[in-house]
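Presented below is the structure to which this report refers.
The values are calculated or read from the model by the stated rules, or taken from the named source; none is laboratory data. What you see is a predicted model, and the numbers here were worked out from it, not measured in a lab. As a convention, Cβ positions derive from the backbone with ideal geometry for all residues, glycine included, and neighbour counts pool all protein chains shown.
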Amino acid sequence: MAANEKPAGTLRYEEKPVYTTSNGCPVNDPESSQRVGQNGPLLLQDFHLIDLLAHFDRERIPERVVHAKGAGAYGEFEVTHDISDLTSLDMLNDVGKKTKCVARFSTVGGEKGSPDSARDPRGFSVKFYTEEGNWDWVFNNTPIFFLRDPSKFPIFIHTQKRNPQTNLKDATMFWDYLSTHQESAHQVMHLFSDRGTPYSYRHMNGYSGHTYKLTKPDGTFNYVQIHCKTDLGSKTFTNAEAGQMAAENPDSHTQDLFNTIEDGDYPSWTCYLQVLSPEQAESFRWNIFDLTKVWPQKEVPLRPFGKFILNRNPENYFAEIEQVAFSPSHMVPGVEPSADPVLQSRLFSYPDTHRHRLGVNYQQIPVNQPLRAFNPYQRDGIMAVNGNYGANPNYPSTYRNMTYKPVKPSQEHEKWAGAAVAQQLPVTEEDFVQPAMLWEVLGKQEGQQENFVGNVAGHLSAAKPAVRQRTYEMFTKINKDLGKRIEEATEPISPHPQSQAAGNAQARL
Ligand code: NDP
């Protein structure tokens, strides 16, 4: 079945299929089991019962370590502006051209049953089924992230999860990490603004965050960042509203996305590029491979190129959304990764996760299938369900003609490719400039600075005193007034005995 078609298991309601075992044997009564006499023990020969129980016992696959809780839908991308001066990418090469897609939105740190409205960045992934392969956008709803050194990713994520001793979320752990890794200050500013609690998945923007290369057949390239802006306008909950929604309806964003699409009220996003030539990038103030920095829009304006709409719900959540497998390494001719180290590590880590969760043949799962793929040198493995390339030779054989389409890689960025390898970028004053810019942006929106201070204080008050102090110092580096205001708002708050904060106090850190 090609992607975006109705799954084979879907029947019309009026149809009356014959109920069978998993091997197709008709069964009269799904709720009875074979036993010896009226009250005798069960029989091992009852394949229906054994198969049903055994399958039930294996229903769960590992949840994603990050982005476990999410929702998704299908849709379509349309090119709105000519960008042939930038790329030969198939999906983007004609104004008006449409490409089918599937999107999944998610929180980052929470488990599969956690509330949709929790304060957290959001994942914003889209898979485009282009004529030359699947192109995945594995974006967030923030233009930056907490780190720029990939080895910090698992370490950082641990601090957002549960304390290994108490099995509780832990504010001390959370702020201890952030206040000792202050390159995260910019993302902290985004997370604790009201954008950290979006009103719905439909009301948030998506950003590549990473720098990519858009390439042309002659090998020339430009560096780009992609922005997707919701056509509904960014809308957020306050901290109090998000907390209330978490209690009333932990699945609020999932429900909102499904119901609005079901009602024909389709969300859409307008897509823009920021573009820097290699020469411009060399003299740019900000390191374009530093995931903690944006490219200021006044200096690098947004250039529109397309729009996507989500207009169809999945038939089956598990098959189509739990099993959808995105990766930034799923690229197509016309786009390449930049040297951004966090992007480079994600190129490995995402497919590695899929091989673990879904198996080595995860690309054969219908929602992940490209429009056409022919790769008979990848054979066998668990769940090789697509015919396994039949009798095709499993090596470049003189008995099978194959077309190897030339795809010229882009030129190296020579000036940078030969530079010395840096282990880690130390935190400098530069790391507090863009957080300060965001503080000013918040100052232009009524009540947003006050909300920010309250959002931080409510969370930080649960951390231990030394961590709180270090965090005030971090905010003071962004803005003197900000550090003082957060301290004044945080110190008087004492947690409720059953609040998360009180739980944190049990952790022996
Ligand atoms: P501008 O001063 O030109 O514009 C501010 C941008 O901030 C807006 O375009 C909007 O981005 C975003 N924004 C508005 N309100 C909020 C909010 N409450 N929380 C988070 N972001 C908000 O932007 P600059 O490019 O000069 O950057 C200033 C600061 O804006 C940056 O330090 C960064 O933190 C933030 N920002 C920058 C982005 C970029 O890629 N340059 C993107 C998003 C935020 P949008 O229209 O995308 O919603």
Looking for something aromatic (Phe, Trp, Tyr) and either within 30 Å of Asp82 (Cα to Cα) or within 16 Å of the ligand (Cβ to nearest atom) (or both) - is there at least one such residue anywhere in the range 315-326?
yes
In the range 294-326, how many residues are touching a His at 6+ places or on another chain (Cβ under 7 Å) and surrounded by 20 or more Cβ atoms within 10 Å (Cβ to Cβ)?
2
Looking at the range 389-396, can you tell me whether even one residue there is modelled with pLDDT under 90, exposed (fewer than 10 other Cβ atoms within 10 Å of the Cβ) and of a type outside the set (A, V, I, L, M, F, W, C)?
no
Which one of these is in the same structural domain as Asp170 (by TED's automatic domain parsing) and buried (at least 16 other Cβ atoms within 10 Å of the Cβ): Tyr377, Tyr350?
Tyr350
On the given criteria, is His81 surrounded by fewer than 19 Cβ atoms within 10 Å (Cβ to Cβ) and in contact with a Phe, Trp or Tyr (Cβ under 6 Å, 6 or more places away or on another chain)?
yes
Report, by residue number, each residue of the range 423-451 that is exposed (fewer than 12 other Cβ atoms within 10 Å of the Cβ) and either more than 9 Å from the ligand (Cβ to nearest atom) or aromatic (Phe, Trp, Tyr) (or both).
Gln423, Gln424, Pro426, Thr428, Glu429, Glu446, Gly447
Pairs under 6 Å by beta carbon, first residue of a type in the set (A, V, I, L, M) in the range 430-443, partner part of a helix (DSSP H, G or I) and more than 7 Å from the ligand (Cβ to nearest atom), six or more apart or different chains?
Ala436/Ile478; Leu442/Gln449; Leu442/Phe452
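Let's see how each residue does on (1) in contact (Cβ under 8 Å) with a residue 40 or more places away in the chain; (2) touching a Leu at 6+ places or on another chain (Cβ under 7 Å); (3) surrounded by 24 or more Cβ atoms within 10 Å (Cβ to Cβ); (4) assigned by TED's automatic domain parsing to the domain that holds Leu291:
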residue	(1), (2), (3), (4)
Val126	yes, no, yes, yes
Glu131	yes, yes, no, yes
Pro150	yes, no, no, yes
Ile155	no, no, no, yes
His158	no, no, no, yes
Arg162	no, yes, no, yes
Lys169	yes, no, no, yes
Asp176	yes, no, no, yes
Gln182	yes, no, no, yes
Quick check on the range 192-204. Is at least one of its residues out of contact with any Pro (no Cβ under 7 Å at 6 or more places or on another chain), acidic (Asp, Glu) and more than 12 Å from the ligand (Cβ to nearest atom)?
no
Filtering strands (runs of 3 or more DSSP E) wholly in the range 206-304 for at least 1 residues that are within 12 Å of the ligand (Cβ to nearest atom) and under 21 Å from the mean Cα position of the chain (by Cα) gives 221-230, 268-276
Within the range 206-225, identify whether any single residue is in contact with a Cys (Cβ under 6 Å, 6 or more places away or on another chain), at pLDDT 95 or above and among the small types (Gly, Ala, Ser), and answer yes or no.
yes
Would you mention how many residues in the range 389-448 are acidic (Asp, Glu), within 28 Å of the chain's Cα centre (by Cα) and in a loop (DSSP other than H, G, I, E, B)?
0
